[in-house]
Every structure is written in C-alpha cells, then in structure tokens.
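What follows is a single structure, written as structure tokens, with notes after it.
The values are calculated or read from the model by the stated rules, or taken from the named source; none is laboratory data. Bear in mind the structure is a predicted one, so any value in this text is a computation, not a measurement. Cβ: placed from backbone, ideal geometry, glycine included. Neighbour counts: every protein chain shown.
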Amino acid sequence: MRTIFRPPAFAFLLTALMACADAPRGGSAGGGEESTRADTASTSQPTGVVDSVFPMSVMLDRFRAGIAEPARLTSGADSRDALVEAVVRAVEARDTAACESLAIGMAEWVWLYFPTSAQASPPYELPPALAWFQLQEGNRKGLLRALQRLGGAKLDYGGYTCDPEPTIEGMNRVWIGCMVTLGRDGEAPSAVRLFSAILERDGRFAILSFANDF
C-alpha cells in the first residue's frame, strides 16, 4: 500500500492519529531523528493532543491493526543502481504513480523498517502514527518540489554517489548522503540531493525519504 500522495491513505493516517489522541492518556508524542536520516521524521506535530505513555509494543500493535504483515520488501527495485535511475526517469516523466512504487509503503514501513529504527528506540521512541505522518509529510513535500523543478525536463543522468557505508538497523541497511548528477534541458550536469535515504533489505532497495534540496 503506497501512500505518498493518495488522499484516502492520508485520511486513514489522520484517523489513526485522532484515535491515538482520544485514547485515555494514550497516543503519540513527537520527536525527530538526527541530520539527514531525520528527514524521514520532521519535528512538526499534527493537530491534536498526542502523547506516548504506552509502551512501544502496544503502540505498534495499535498502528498495525488491519495492516497485513508483508513477507519482504516489494517496493522499489532489485538493485540500488536500478532504483536511482528509475527515480530519475519517473521524475523526468512527472509520473507520480511510478515515484510512489519506488518508495516504501505503509505495511513495509511499520512491519519491516520502523521497529528496529532509531525512531522506535530510546531516546526518541516516536509513536508509529506520528513517525509515519512525519515521514509522509516530508516525502510529499520533497517529491512535489522535485517534480516542480525537474518534471517534464530532459534529464541527463550522470550517475550517483552515496556515503560509503550504510547505517545498520536490525535487518535493514539505510543509505544516506546520496547525490545524483543531473543536467536539465542541456544545462551542465551538477550533483543534487534528489532524495535523502534508501532502504535496503534482503537485496531489495526502496526510497525511504524523498526529502531533497529543491
């Protein structure tokens, strides 16, 4: 289930947040993750009183209710190289659906990524509903900016680089510091931050954060 832009998924998320807020002294509280990986969780907080008196296991169970556990990561591509080039071509074509298919979906995020992420561990321990909301807000804004800046232009793709070593979180490897070399409509190519983080799991790669420099 991919939910970067689709209104129904966004509405579901707001419903989940309000449910957390209405529980007796339950719900979610805000926080953030450091630096570039923190682009996956901004410090803004949704409307409503959200706190985190429940243990992480309880908050995870509540958020996962009705969300089937995926066996593996199916979003994205089978290699990091293929993923990055697919993102470039999807942005070039202004293909929002293709961009969505290259990013981690809600079920993958809450079952495969979030439980072992820094966001779910001390000192952050972000409630899942809040962390997912923040991630989606960052992705929505970042991808919209990329589409506005690059969508519809002829992009000369010259490759990319990422930090030499990933961050290891459980079975996940998170690649940050990625810079993509692009030329727009015949302009001289330059290195730009088209996205902030790539998730690797079991040989599959997906965009974790579309936060960028645009």
The correct count of residues that are under 23 Å from Ala107 (Cα atoms) and in contact with a helix residue (DSSP H, G or I) (Cβ under 8 Å, 6 or more places away or on another chain) in the range 143-168 is 2
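Could you identify the single residue in Arg184, Arg193 that is surrounded by 16 or more Cβ atoms within 10 Å (Cβ to Cβ), at pLDDT 95 or above, over 20 Å from Ser75 (Cα atoms) and among the charged types (D, E, K, R)? So that I can check it myself, show each step before the final result.
Numbers: Arg184 fails: at pLDDT 95 or above.
Step by step, each of Arg184, Arg193 is checked, and only Arg193 is surrounded by 16 or more Cβ atoms within 10 Å (Cβ to Cβ), at pLDDT 95 or above, over 20 Å from Ser75 (Cα atoms) and among the charged types (D, E, K, R).
Determine, yes or no, whether Ala107 is among the small types (Gly, Ala, Ser), closer than 18 Å to Arg173 by Cβ and either exposed (fewer than 14 other Cβ atoms within 10 Å of the Cβ) or in contact (Cβ under 8 Å) with a residue 24 or more places away in the chain (or both).
On the way: among the small types (Gly, Ala, Ser): yes; closer than 18 Å to Arg173 by Cβ: no; either exposed (fewer than 14 other Cβ atoms within 10 Å of the Cβ) or in contact (Cβ under 8 Å) with a residue 24 or more places away in the chain (or both): yes.
Judged against the criteria, Ala107 is not a match.
Can we say Gly142 is crowded, with 16+ Cβ neighbours inside 10 Å and either assigned to a loop (DSSP other than H, G, I, E, B) or not acidic (Asp, Glu) (or both)? Walk me through it before giving the result.
Values: crowded, with 16+ Cβ neighbours inside 10 Å: yes; either assigned to a loop (DSSP other than H, G, I, E, B) or not acidic (Asp, Glu) (or both): yes.
Considered against the rule, which asks whether it is crowded, with 16+ Cβ neighbours inside 10 Å and either assigned to a loop (DSSP other than H, G, I, E, B) or not acidic (Asp, Glu) (or both), Gly142 comes out as yes.
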Here is a list: Asp213, Asp156. Which entry is over 14 Å from Val87 (Cα atoms) and either in a helix (DSSP H, G or I) or out of contact with any Phe, Trp or Tyr (no Cβ under 7 Å at 6 or more places or on another chain) (or both)? Asp213
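Let's see how each residue does on (1) buried (at least 18 other Cβ atoms within 10 Å of the Cβ); (2) assigned to a helix (DSSP H, G or I); (3) at pLDDT 95 or above:
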position: Glu33; (1), (2), (3): yes, no, no
position: Thr43; (1), (2), (3): no, no, no
position: Phe54; (1), (2), (3): yes, no, no
position: Ser75; (1), (2), (3): yes, no, yes
position: Ala82; (1), (2), (3): no, yes, yes
position: Arg89; (1), (2), (3): no, yes, yes
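Inspect the range 93-110 for any residue being β-branched (Val, Ile, Thr), within 18 Å of Ala197 (Cα to Cα) and not in a loop (DSSP other than H, G, I, E, B) and give the result as yes or no. Steps first, please.
Initial filter on the range 93-110 (β-branched (Val, Ile, Thr)): 96, 104, 110.
If we keep only those that are within 18 Å of Ala197 (Cα to Cα) as well, we get 104, 110.
So of that shortlist, the ones also not in a loop (DSSP other than H, G, I, E, B) come out as 110.
Yes.
Listed here are the residues, each with its yes/no results for (1) among the small types (Gly, Ala, Ser); (2) more than 18 Å from Leu208 (Cα to Cα); (3) assigned to a loop (DSSP other than H, G, I, E, B).
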{"position": "Ala129", "(1), (2), (3)": "yes, no, no"}
{"position": "Gly152", "(1), (2), (3)": "yes, yes, yes"}
{"position": "Asp163", "(1), (2), (3)": "no, no, yes"}
{"position": "Gly183", "(1), (2), (3)": "yes, yes, no"}
